[in-house]
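The values are calculated or read from the model by the stated rules, or taken from the named source; none is laboratory data. Source: prediction; values computed, not measured. No Cβ is skipped: glycine too gets one built from the backbone with ideal geometry, and neighbour counts run over all protein chains shown.
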Amino acid sequence: MTSRPYTLLVVDDSQSTLPRLARALGPEDFALRLTPHGPDVPRLARGTALVVLCPGEDAAGLLTLLDRLIPPEGGPGTPVLVLAPPEPRTLWLEALRRGAEVVLDPWDPEELVARVHRCLSTQARMEALALQVGELQRLSSTDGLTGVHNHRHFQERLREEFRRAQRYDDALSLILLDLDHFKNVNDQFGHTAGDGVLREVAAALQRGVRETDLVARYGGEEFAVLLPRTHLTGALTVAERVRRELCALRLGTEGTLRVTASLGVSSFPHRSVLSPEQLLLTADEALYRAKHEGRDRICLHAQLPPFPPP
């Protein structure tokens with residue numbers, strides 16, 4: 001729940017209900033704000049703990065306002081309590097169906113307070129649940145060691161970004177990066193030091209790209225950098241900046257441990273890249289060539305000749 005006093009937005013065209021609410025709820029627990037029915041109610045409701053709706057002469061208008069205040073499918077929003085007369089019965093039944101709490105007027109003060117507290121408690125539980133779901137979603141897409149995105153999330157984003165690039169005739173580039181001789185780091189300094197190197201490399205990659213780019217641990221000591229709306233020349237600039245930053249890292253307890261990386265770059269649009277799988281394959285082939293040609297370097301995917309050889 002929010003800290004007391006809770007702010008309640010009372011939506012009432014007359015001012016007759018406000019004094020009765022103040023007496024029932026008490027000023028030490030609740031601060032009441034009065035506003036008439038109108039288009040500004042949803043905006044005003046965002047800064048309050050609870051909306052108290054008093055039906056006016058337009059019953060249909062009340063239900064329309066409820067539809068604007070209560071998001072579909074029980075999404076996050078400010079809870080709503082309707083102070084409804086016993087008749088017409090269909091009005092408060094429709095309010096219940098839309099997800100509002102209902103108290104019949106004239107109300108019992110103790111019942112009103114209990115209903116208000118139930119609304120606030122339910123909202124607090126929903127907010128806590130939403131935070132937990134968000135944290136679980138973050139954990140499901142994050143590599144536990146390095147804190148960057150994991151392989152599964154990278155594959156999902158690769159497909160999404162490739163479809164978007166195809167649809168809008170836009171550019172998309174991919175950098176695959178593999179640390180050189182990383183096994184020697186684990187053998188010489190131990191796996192704890194190796195884990196520290198991977199974390200430092202991931203942090204360096206994050207520093208070297210834009211917020212719209214995606215850095216992921218592809219597997220082991222291999223990382224992927226997905227660059228939306230980036231042509232090949234821009235991807236080469238990013239790759240060289242990353243390569244230099246990794247060379248400049250001083251790791252280990254005494255700063256004597258250094259690492260280098262081999263990088264493969266591929267981009268779309270290109271005649272040999274017609275799917276996300278081909279974008280990944282061509283970047284992987286370029287990475288293999290960078291390894292084969294001596295490491296600590298950047299290679300591009302093979303350029304096809306204008307016409308096939310005879």
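Taking L263, is it in contact with a helix residue (DSSP H, G or I) (Cβ under 6 Å, 6 or more places away or on another chain) and modelled with pLDDT of 85 or more? Yes: the conditions hold for L263. Residues considered: A290, A235, A239. Of these, the only one that is over 34 Å from the mean Cα position of the chain (by Cα), at pLDDT 85 or above and surrounded by 18 or more Cβ atoms within 10 Å (Cβ to Cβ) is A290. Within this structure, V225 fails the test of being modelled with pLDDT under 95 and surrounded by 20 or more Cβ atoms within 10 Å (Cβ to Cβ). Test R43 against the stated conditions and say whether it is at pLDDT 85 or above, assigned to a helix (DSSP H, G or I) and surrounded by 14 or more Cβ atoms within 10 Å (Cβ to Cβ). In short, no. Scanning region 75-132 for residues that are within 37 Å of the chain's Cα centre (by Cα), surrounded by fewer than 16 Cβ atoms within 10 Å (Cβ to Cβ) and among the β-branched types (V, I, T) gives a single hit, T122. Of all residue pairs spaced 6 or more apart or on separate chains, those with beta-carbon atoms under 6 Å, a first member in region 174-203 that is over 30 Å from L236 (Cβ atoms) and modelled with pLDDT under 90 and a second member that is small (G, A, S) and in a helix (DSSP H, G or I) are N186/G194.
With the requirement that a residue be in a helix (DSSP H, G or I) and of a type in the set (G, A, S), what does region 189-208 give you? Result: A193, G194, G196, A202, A203, A204. Of the residues making up region 148-162, those that are surrounded by fewer than 19 Cβ atoms within 10 Å (Cβ to Cβ) and acidic (D, E) are E156, E160. For region 49-64, filtered to residues that are surrounded by fewer than 19 Cβ atoms within 10 Å (Cβ to Cβ) and of a type outside the set (A, V, I, L, M, F, W, C), the residue that is modelled with the lowest pLDDT is E57.
When D195 is tested against the conditions (1) surrounded by 19 or more Cβ atoms within 10 Å (Cβ to Cβ); (2) under 15 Å from L145 (Cα atoms); (3) among the charged types (D, E, K, R), the lone failure is (1).
Based on this model, can you work out whether T212 counts as crowded, with 21+ Cβ neighbours inside 10 Å, part of a loop (DSSP other than H, G, I, E, B) and touching a residue at least 12 places away in the same chain (Cβ under 8 Å)? Spelling it out, it is not the case that T212 is crowded, with 21+ Cβ neighbours inside 10 Å, part of a loop (DSSP other than H, G, I, E, B) and touching a residue at least 12 places away in the same chain (Cβ under 8 Å).
Each row is one residue, and each column tells you yes or no for (1) part of a helix (DSSP H, G or I); (2) within 21 Å of the chain's Cα centre (by Cα); (3) surrounded by 12 or more Cβ atoms within 10 Å (Cβ to Cβ).
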position: T146; (1), (2), (3): no, yes, yes
position: R164; (1), (2), (3): yes, yes, yes
position: D170; (1), (2), (3): no, no, yes
position: I175; (1), (2), (3): no, no, yes
position: D178; (1), (2), (3): no, no, yes
position: N184; (1), (2), (3): yes, no, no
position: D187; (1), (2), (3): yes, no, no
